[in-house]
């Protein structure tokens, strides 16, 4: 819902330049069901989150008014082979609070298979959404003259609509007889205007290049701060379906925050509700830090 208010504030100055009349861009509130679910073949179970939309004051869009919890719903996800029923479950969050979600432990998403989600909440129309699981990205790590290249395979049976790559320097420490991994993420580049490092985000490109100087700097930080030497470079690549890729780009303000996205303008792929039902397929690879950085 925050996107709606952001767009309203973006459009308002343009309207006021040609009109002196008072204009309130806030539309009447309508309660709807919000769905969020991302199928992941590597996860031990699949999760569907259900919320209701909330109203808010125009001058404080983050202050929720009138949002109510969903405590009753029938949630299923089906392929052409089987129907999976999701059970409502209370999970404990990091802050100790509890959250009701819908979980299924039997569904193992398969690449190339289309899954359809159906949600029935009393008092609302039936909600449906479909997505196809992309193929695994088969991540590779290669060194170049000036950097480390992370590559995802895009010539697969079910190519993704986007990739999301991340790279870490990973070390190991023995604590109490147990081996603990310490890791630090490598940024993509340094933004001189913002004065900070920029990390990766979803892209349509199947290759991401990390500067060698940043890899070495992160390794040196690990040695000085964590007192651990980097043992591995670990890369993760997520193959994203079109809904996850489009949702991320829209929610994050596109690549250009003042542009209007037209190639994939839909905010949601959920019928009779809002939100996202998508799929991703993660893959990871690791190589010896010394072997690849000193080549």
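The values are calculated or read from the model by the stated rules, or taken from the named source; none is laboratory data. These figures come from a predicted structure and were not determined experimentally. A quick note on method: Cβ atoms are made from the backbone with ideal geometry, for glycine too, and the neighbour counts reach across all protein chains shown.
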I want to confirm something. Restricting to the stretch 157-179 and keeping residues that are in contact with a helix residue (DSSP H, G or I) (Cβ under 6 Å, 6 or more places away or on another chain), modelled with pLDDT under 95 and assigned to a strand (DSSP E or B), which single residue is farthest from residue 225 (Cα to Cα)? 162
Residues that are in contact with a helix residue (DSSP H, G or I) (Cβ under 7 Å, 6 or more places away or on another chain) and either farther than 16 Å from residue 206 by Cα or not in a strand (DSSP E or B) (or both), drawn from the stretch 123-142: 131
Residue 154 fails exactly one of the following numbered conditions: (1) surrounded by 14 or more Cβ atoms within 10 Å (Cβ to Cβ); (2) modelled with pLDDT of 90 or more. What is the number of that condition? (2)
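Residues that are at pLDDT below 95: find the strands (runs of 3 or more DSSP E) completely inside the stretch 39-121 holding 3 or more of those. Before the answer, list the steps.
Working: elements: 46-52, 55-57, 60-65, 74-78, 83-92, 98-104, 114-120.
So the answer is 46-52, 55-57, 60-65, 83-92, 98-104.
Tell me the strands (runs of 3 or more DSSP E) entirely within the stretch 199-295 that contain at least 3 residues that are farther than 28 Å from residue 174 by Cβ, more than 24 Å from the chain's Cα centre (by Cα) and modelled with pLDDT under 90. Show your work before the answer.
Numbers: elements: 207-211, 230-240, 274-288.
Filter on the stretch 199-295 gives an empty set.
Can you say whether residue 110 is exposed (fewer than 15 other Cβ atoms within 10 Å of the Cβ), more than 30 Å from residue 31 (Cα to Cα), touching a residue at least 24 places away in the same chain (Cβ under 8 Å) and more than 19 Å from the chain's Cα centre (by Cα), as far as the supplied structure shows? Spell out how you get there, then give the answer.
Working: exposed (fewer than 15 other Cβ atoms within 10 Å of the Cβ): yes; more than 30 Å from residue 31 (Cα to Cα): yes; touching a residue at least 24 places away in the same chain (Cβ under 8 Å): yes; more than 19 Å from the chain's Cα centre (by Cα): yes.
Yes; evaluated as a whole, the condition is true for this residue.
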Looking at the structure I just gave you, is residue 182 touching a residue at least 60 places away in the same chain (Cβ under 8 Å), assigned to a strand (DSSP E or B), buried (at least 16 other Cβ atoms within 10 Å of the Cβ) and in contact with a helix residue (DSSP H, G or I) (Cβ under 8 Å, 6 or more places away or on another chain)? no
